[in-house]
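Read through the structure below, which is laid out as structure tokens, and then see the notes.
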Amino acid sequence: MAKRLEGDEARLDDAARAGWLYYVAGNTQDEIARKLGISRQSAQRLVSLAISERLIKVRLDHPIARCMELAAALKTRYDLRFCEISPSDPASASTTLGIAQVAAAEFERWLRRDEPAIIGIGTGRTMRAVADQLPRMECPQHKLVALVGTTKVDGSASFYDVVIRVSDTVRAPHYPMPLPVIARSIEERELLTGLASVKSVLALAERADISFVGVGAIQESAAIVLDGVISREDAEKLRGEGAVGEITGWTFDSRGRVLDNEHNSKVASAPLKPATNRLMIGVAMGVSRRAAIRGALAGKLISGLVTDEATAEHLLHR
């Protein structure tokens with residue numbers, strides 16, 4: 001990241017102060033303008049800058065009745081241990097708006113526990129958005145463990161690696177998975193996962209008290225394709241084999257069965273299996289991911305869900 005100029009830093013200081021006065025102290029923009037000795041328009045721009053630069057993170061603390069009703073219905077319908085629903089913005093095309101904040105709030109509740117916990121973390125855009133919503137904390141009592149590798153087949157690092165980012169924010173020990181998401185061959189996967197250092201990370205992941213994962217689709221525009229983990233041709237082949245979704249690289253069908261195919265035989269992530277005795281929270285929303293979420297719920301690959309109103313309505317009335 002390029003070093004900020006001194007003037008930029010001063011403006012960010014002003015934006016942070018304006019954001020605090022507006023969102024924390026409850027001042028109006030007229031009051032902020034008066035207190036900072038600036039125009040109302042300048043105060044408005046500074047408050048907007050505080051949000052765009054993530055100097056202020058806004059969460060909805062009051063639970064909306066309809067969201068609570070949907071969460072309760074989903075918990076009953078799919079026998080979930082945890083479910084939270086975010087309001088939907090019909091005009092937004094975002095696949096993380098709202099759910100990142102809700103998932104981060106639950107993540108933060110676990111981090112604030114005094115009792116040590118092992119927290120499993122997936123990767124990808126959604127989990128990166130969740131990580132960006134976490135406040136700075138000191139959590140040396142917890143362990144953060146990656147459930148999926150951090151590199152592609154060619155050895156390049158994923159831009160959406162999450163565990164290191166979370167660890168830097170909350171100051172907790174972390175255990176990355178130093179592997180590609182998909183190995184080049186079955187033999188390479190067996191060799192890599194047989195390393196003592198990797199075995200210890202996989203064993204830790206198996207003991208996770210709670211895990212947060214994204215639920216991805218299998219299509220040309222899916223993150224797993226756009227990020228170069230698999231090719232468009234691979235995605236088309238997987239769809240032909242019945243795949244509707246993926247979690248930490250593992251593909252599954254509409255009934256939530258992890259497929260017995262060439263792709264999964266080379267996945268180097270922590271094993272994906274029904275979460276009957278552990279809390280695995282899937283964080284996902286959007287039309288393109290509906291089939292994947294339904295499949296994950298049907299196969300009990302996740303025992304918790306964070307999604308938005310529109311997706312929740314679809315899951316209940318499908």
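Evaluate region 226-245: report whether one residue or more is surrounded by 16 or more Cβ atoms within 10 Å (Cβ to Cβ) and closer than 19 Å to Thr307 by Cα.
So far as region 226-245 goes, yes, one or more of its residues are surrounded by 16 or more Cβ atoms within 10 Å (Cβ to Cβ) and closer than 19 Å to Thr307 by Cα.
Regarding region 178-195, can at least one residue be identified that is surrounded by fewer than 23 Cβ atoms within 10 Å (Cβ to Cβ), within 29 Å of Glu108 (Cβ to Cβ) and not charged (D, E, K, R)?
yes
Identify the single condition in (1) surrounded by fewer than 18 Cβ atoms within 10 Å (Cβ to Cβ); (2) touching an Asp or Glu at 6+ places or on another chain (Cβ under 8 Å) that His263 does not satisfy, given that it satisfies every other one.
(1)
Just for region 246-278: of the residues that are without any contact (Cβ under 8 Å) to a residue 60 or more places away in the chain and of a type in the set (D, E, K, R), which one is nearest to Arg294 (Cα to Cα)?
Arg255
Which one of these does Leu55 not meet: (1) modelled with pLDDT of 95 or more; (2) of a type in the set (A, V, I, L, M, F, W, C); (3) buried (at least 16 other Cβ atoms within 10 Å of the Cβ)?
(1)
So how many residues does region 153-189 have that are free of Cβ contacts under 8 Å to residues at least 12 places away in the same chain and hydrophobic (A, V, I, L, M, F, W, C)?
1
Does region 229-246 contain at least one residue that is modelled with pLDDT of 95 or more, assigned by TED's automatic domain parsing to the domain that holds Val148 and within 17 Å of Gly122 (Cα to Cα)?
Yes, region 229-246 has at least one match.
Go through region 214-225 and give me each residue that's surrounded by 13 or more Cβ atoms within 10 Å (Cβ to Cβ) and in contact (Cβ under 8 Å) with a residue 24 or more places away in the chain.
Gly214, Val215, Gly216, Ala217, Ile218, Gln219, Ala222, Ala223, Ile224
Just checking, does region 204-213 include any residue being surrounded by 20 or more Cβ atoms within 10 Å (Cβ to Cβ), hydroxyl-bearing (Ser, Thr, Tyr), touching a residue at least 60 places away in the same chain (Cβ under 8 Å) and closer than 19 Å to Val283 by Cβ?
Checked region 204-213: at least one residue is surrounded by 20 or more Cβ atoms within 10 Å (Cβ to Cβ), hydroxyl-bearing (Ser, Thr, Tyr), touching a residue at least 60 places away in the same chain (Cβ under 8 Å) and closer than 19 Å to Val283 by Cβ.
Could you say whether any residue in region 29-45 is more than 23 Å from Ala105 (Cβ to Cβ), touching a residue at least 12 places away in the same chain (Cβ under 8 Å), β-branched (Val, Ile, Thr) and not in a loop (DSSP other than H, G, I, E, B)?
Checked region 29-45: at least one residue is more than 23 Å from Ala105 (Cβ to Cβ), touching a residue at least 12 places away in the same chain (Cβ under 8 Å), β-branched (Val, Ile, Thr) and not in a loop (DSSP other than H, G, I, E, B).
The values are calculated or read from the model by the stated rules, or taken from the named source; none is laboratory data. Nothing here was measured: the structure is a model prediction, and the numbers come from that model. Cβ atoms come from the backbone with ideal geometry, glycine included; neighbour counts cover every protein chain shown.
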